[in-house]
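Participant: Quick one: this structure, given as structure tokens, is what I'll be asking you about.
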Amino acid sequence: MAERSTAAVDVADNSGDEPLTAKADQSTADGVAQNPERDTDSDKAQGSGTNAGAEKKAAPPELHSGHKLARRYRLEECVTRLDGFSSWRAVDEKLRRAVGVHILPADHPRTRSVLAAARSAALLGDPRFVQVLDAVEEDDLVYVVHEWLPDATELTTLLAAGPLEPHDAYQMVSQIASAMAAAHREGLAHLRLNPNAVLRTSTGQWRVRGLAVNAALRGISSDTPQRTDTEAIGALLYAALTQRWPYESDAYGLAGLPKDVGLIAPDQVRAGVHRGLSELAMRALVNDGATASRHESACTTPEELVKAIGEMPRIRPPEPAFTAPPEYQRTTYQQGTYGRPTPPGVTQPVQAPPPPLQSRTGKALKWAVSALLIAALGLGSWQLADALMDQGDKSGDTGNSQTTDDGDKNSASPTPAAAIKIQDAQEYVAEGEAQHPNDVGKTYDGNTSTYWRTNTFVSGPKLAPYKPGVGIVYDLGSTKELATGTISLRYSGDHTTVELYAADSLTPGSISSMTKLGSVTTTGNTATVKVSKKVKSQFVLVWITAVPNSGADPDAYAQAGYKQAVTEVKFTG
């Protein structure tokens with residue numbers, strides 16, 4: 001079956017909880033080192049309420065390393081054990097990959113809410129969140145299986161080295177705000193969005209873990225979830241700019257603000273802070289008593305925060321530093337020094353030119369050479385003039401018999417194929433779940449390092465019967481006659497089958513209602529489909545029905561299996 005594309009879960013966000021081992025670093029279930037800290041005031045500071053005190057604590061399950069769940073998930077290391085539940089680093093022996101697992105007894109008072117939160121988060125399908133892979137109730141246990149990200153680094157760890165650069169802080173708040181806005185549109189809230197829940201991957205992408213599930217595990221709720229998450233994003237941006245937590249209490253390895261000073265703007269805490277980002281943090285934190293800068297309205301929802309970020313001038317990354325090339329050194333070709341540098345401080349001697357021929361014999365030789373040169377020049381000029389006259393006579397004779405038709409045939413050249421610019425695109429889902437609809441724009445952005453990818457399938461190369469196929473519909477702007485379609489691919493091996501169809505819109509009906517233009521099967525990284533029918537259409541479907549088997553791709557968060565990714569699509573007419 002296809003690997004499910006799902007949302008986030010926090011593995012070992014232990015802030016505010018007793019650590020498993022005192023005076024020892026813990027590791028999260030995403031494989032990121034985390035220091036055991038307490039932030040008992042952080043939930044209150046972020047506007048979230050807790051019901052844990054009123055609930056009966058259930059005894060944690062008696063589990064150990066090596067224990068298997070569902071004959072598939074082998075527990076390796078317990079990274080969190082508190083309040084009746086435990087979190088483990090585990091191995092999925094079926095797919096041979098590392099995963100994280102939350103485990104609760106079936107009679108735990110929060111079991112129902114955890115299962116509901118995990119299943120809701122799993123339906124979001126947003127790659128900006130750590131993905132939930134499974135949520136099961138079995139043998140008096142409830143467990144939630146989720147991604148493990150060994151290449152990701154917590155924001156807590158990043159801030160331990162110092163505040164972020166303006167461009168990095170801008171990328172973080174932009175990506176997190178957009179992700180949370182998408183989650184709230186689906187009715188999902190985080191409620192424990194803190195530096196331990198924000199990860200940066202090795203490719204520079206920011207991902208959020210713990211969506212809905214982390215709050216459910218700890219019994220946290222809020223009457224104003226959008227305001228709670230928006231203020232949490234503002235606190236993250238504040239910490240990224242100042243390396244200080246925007247409340248009086250210390251938390252997440254960061255020092256809090258001075259007592260009795262109140263919430264002051266980031267550019268008043270630390271010199272050199274970007275003014276626009278400082279104002280943005282205050283607009284998000286206005287819910288906790290901060291004053292919006294320059295009389296700007298407060299941002300009370302992630303959607304409003306995304307809009308405010310979009311109105312800011314884009315912050316570009318710093319220019320790369322170039323080292324000056326080494327100073328040019330003249331190469332010496334004199335005898336005895338070729339290929340050997342001149343020692344410092346030693347002046348290379350300049351050889352004097354040979355003396356001219358001053359003797360009687362020398363003068364006679366010079367006159368003889370001059371006479372020969374004059375004779376050769378005269379003879380050459382005479383032969384050149386004679387040849388030109390003969391050529392003129394021949395061209396005059398042949399010119400009378402040459403026709404203009406022959407000249408037209410000789411000058412004719414084939415018309416090159418014209419490139420067709422793609423105006424818009426949308427993922428086409430014929431059956432089942434979507435793959436990665438937010439990445440379709442990366443297939444025609446002119447950058448071969450970006451891509452849209454399929455999920456990873458257990459069997460192949462053909463996707464049927466699990467799915468009839470996966471693909472993207474492209475809008476060409478107006479009705480055009482297609483000649484070829486060139487699809488650049490990320491993975492080679494086995495074979496990839498690509499088909500082109502003429503569609504009636506960006507959201508067409510079934511495949512049977514479209515006109516097939518052509519197909520090709522390749523084992524390489526490029527599929528060139530030549531259109532066999534002369535059909536004019538504004539919308540073209542690139543339809544993939546078979547994918548190759550390739551190894552794990554950590555940069556794309558893809559496990560080993562049958563999968564494919566499209567890096568660039570080009571059409572010619």
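Participant: Scan the stretch 138-154 and give yes if some residue there is of a type in the set (S, T, N, Q), open to solvent by 20 Å² or more (accessible area, probe 1.4 Å) and touching a Leu at 6+ places or on another chain (Cβ under 9 Å), otherwise no.
Facilitator: Yes, the stretch 138-154 contains a residue that is of a type in the set (S, T, N, Q), open to solvent by 20 Å² or more (accessible area, probe 1.4 Å) and touching a Leu at 6+ places or on another chain (Cβ under 9 Å).
Participant: Can you report the number of residues in the stretch 419-435 which are open to solvent by 30 Å² or more (accessible area, probe 1.4 Å) and polar (S, T, N, Q)?
Facilitator: Number satisfying all stated conditions: 2.
Participant: Let me confirm something: among Gly460, Gly441, which residue is free of Cβ contacts under 8 Å to residues at least 40 places away in the same chain and not aliphatic (A, V, I, L, M)?
Facilitator: Answer to the selection: Gly441.
Participant: In the stretch 69-89, which residues are within 13 Å of Val144 (Cα to Cα), in contact (Cβ under 8 Å) with a residue 40 or more places away in the chain and assigned to a strand (DSSP E or B)?
Facilitator: Across the stretch 69-89, the qualifying residues are Leu69, Tyr73, Phe85, Ser87, Trp88, Arg89.
Participant: Residue by residue through the stretch 512-526, note down the ones that are within 19 Å of Val429 (Cα to Cα) and open to solvent by less than 40 Å² (accessible area, probe 1.4 Å).
Facilitator: Passing the criteria: only Met514.
Participant: I need a count of the residues in the stretch 82-100 that are buried (at least 21 other Cβ atoms within 10 Å of the Cβ) and not hydroxyl-bearing (Ser, Thr, Tyr).
Facilitator: 7
Participant: For the condition in contact with a Leu (Cβ under 6 Å, 6 or more places away or on another chain), open to solvent by less than 40 Å² (accessible area, probe 1.4 Å) and of a type in the set (S, T, N, Q), what is the one hit in Ser222, Ser174, Ser178?
Facilitator: Ser222
Participant: So, in the stretch 102-114, exactly how many residues are crowded, with 19+ Cβ neighbours inside 10 Å and either of a type in the set (Phe, Trp, Tyr) or assigned to a helix (DSSP H, G or I) (or both)?
Facilitator: Of the residues in the stretch 102-114, 2 are crowded, with 19+ Cβ neighbours inside 10 Å and either of a type in the set (Phe, Trp, Tyr) or assigned to a helix (DSSP H, G or I) (or both).
Participant: Does the stretch 230-238 include one or more residues that are open to solvent by 10 Å² or more (accessible area, probe 1.4 Å), of a type in the set (S, T, N, Q), farther than 15 Å from Phe129 by Cα and touching a helix residue (DSSP H, G or I) at 6+ places or on another chain (Cβ under 6 Å)?
Facilitator: no
Participant: If only one of Glu62, Glu76 is in contact with a Gly (Cβ under 9 Å, 6 or more places away or on another chain) and farther than 19 Å from Ala560 by Cα, which one is it?
Facilitator: Glu76
Participant: Sticking with this one: Just to be sure, is Asp475 open to solvent by 20 Å² or more (accessible area, probe 1.4 Å), modelled with pLDDT under 90 and of a type in the set (D, E, K, R)?
Facilitator: no
Participant: For the stretch 183-205, which residues satisfy the criterion of being surrounded by fewer than 20 Cβ atoms within 10 Å (Cβ to Cβ), touching a Leu at 6+ places or on another chain (Cβ under 8 Å) and not acidic (Asp, Glu)?
Facilitator: Thr201, the sole residue that qualifies.
Participant: Let me ask something else. Considering every residue within the stretch 556-569, establish whether at least one is outside any strand (DSSP E or B), closer than 16 Å to Val458 by Cα and among the hydrophobic types (A, V, I, L, M, F, W, C).
Facilitator: Among the residues of the stretch 556-569, at least one is outside any strand (DSSP E or B), closer than 16 Å to Val458 by Cα and among the hydrophobic types (A, V, I, L, M, F, W, C), which makes the answer yes.
Participant: Exactly one of (1) modelled with pLDDT of 95 or more; (2) crowded, with 21+ Cβ neighbours inside 10 Å is unmet by Pro246. Its number?
Facilitator: If we test Pro246 against (1) modelled with pLDDT of 95 or more; (2) crowded, with 21+ Cβ neighbours inside 10 Å, just (1) comes out false.
Participant: Something else: Anything in the stretch 478-495 that is over 21 Å from the mean Cα position of the chain (by Cα) and surrounded by 23 or more Cβ atoms within 10 Å (Cβ to Cβ)? List them, or say none.
Facilitator: Leu482, Gly485 - these are the residues of the stretch 478-495 that are over 21 Å from the mean Cα position of the chain (by Cα) and surrounded by 23 or more Cβ atoms within 10 Å (Cβ to Cβ).
Participant: For residues that are over 14 Å from Val542 (Cα atoms), open to solvent by less than 70 Å² (accessible area, probe 1.4 Å) and part of a loop (DSSP other than H, G, I, E, B), tally how many sit in the stretch 436-469.
Facilitator: Residues that pass the stated criteria total 13.
Participant: Would you confirm whether or not the stretch 170-181 contains a residue that is over 28 Å from Phe85 (Cβ atoms), among the aliphatic types (A, V, I, L, M) and in contact with an Asp or Glu (Cβ under 7 Å, 6 or more places away or on another chain)?
Facilitator: The answer is yes, given that some residue of the stretch 170-181 is over 28 Å from Phe85 (Cβ atoms), among the aliphatic types (A, V, I, L, M) and in contact with an Asp or Glu (Cβ under 7 Å, 6 or more places away or on another chain).
Participant: For the stretch 544-561, name all the residues that are open to solvent by less than 10 Å² (accessible area, probe 1.4 Å) and more than 19 Å from Pro127 (Cα to Cα).
Facilitator: Matches in the stretch 544-561: Ile544, Ala546, Val547, Pro548.
Participant: Is at least one residue of the stretch 124-132 of a type in the set (D, E, K, R), under 34 Å from the mean Cα position of the chain (by Cα) and buried (at least 21 other Cβ atoms within 10 Å of the Cβ)?
Facilitator: Looking for residues that are of a type in the set (D, E, K, R), under 34 Å from the mean Cα position of the chain (by Cα) and buried (at least 21 other Cβ atoms within 10 Å of the Cβ), one finds at least one in the stretch 124-132, hence yes.
The values are calculated or read from the model by the stated rules, or taken from the named source; none is laboratory data. If you're wondering where the values come from, they're calculated on a predicted model, not measured in any experiment. Positions of Cβ are generated from backbone atoms using ideal geometry, with glycine treated the same way; all protein chains shown enter the neighbour counts. Each accessible area value is taken on the protein alone, full model and side chains, heavy atoms only, with ligands, DNA and RNA left out. Shrake-Rupley method; radii C 1.70, N 1.55, O 1.52, S 1.80 Å.
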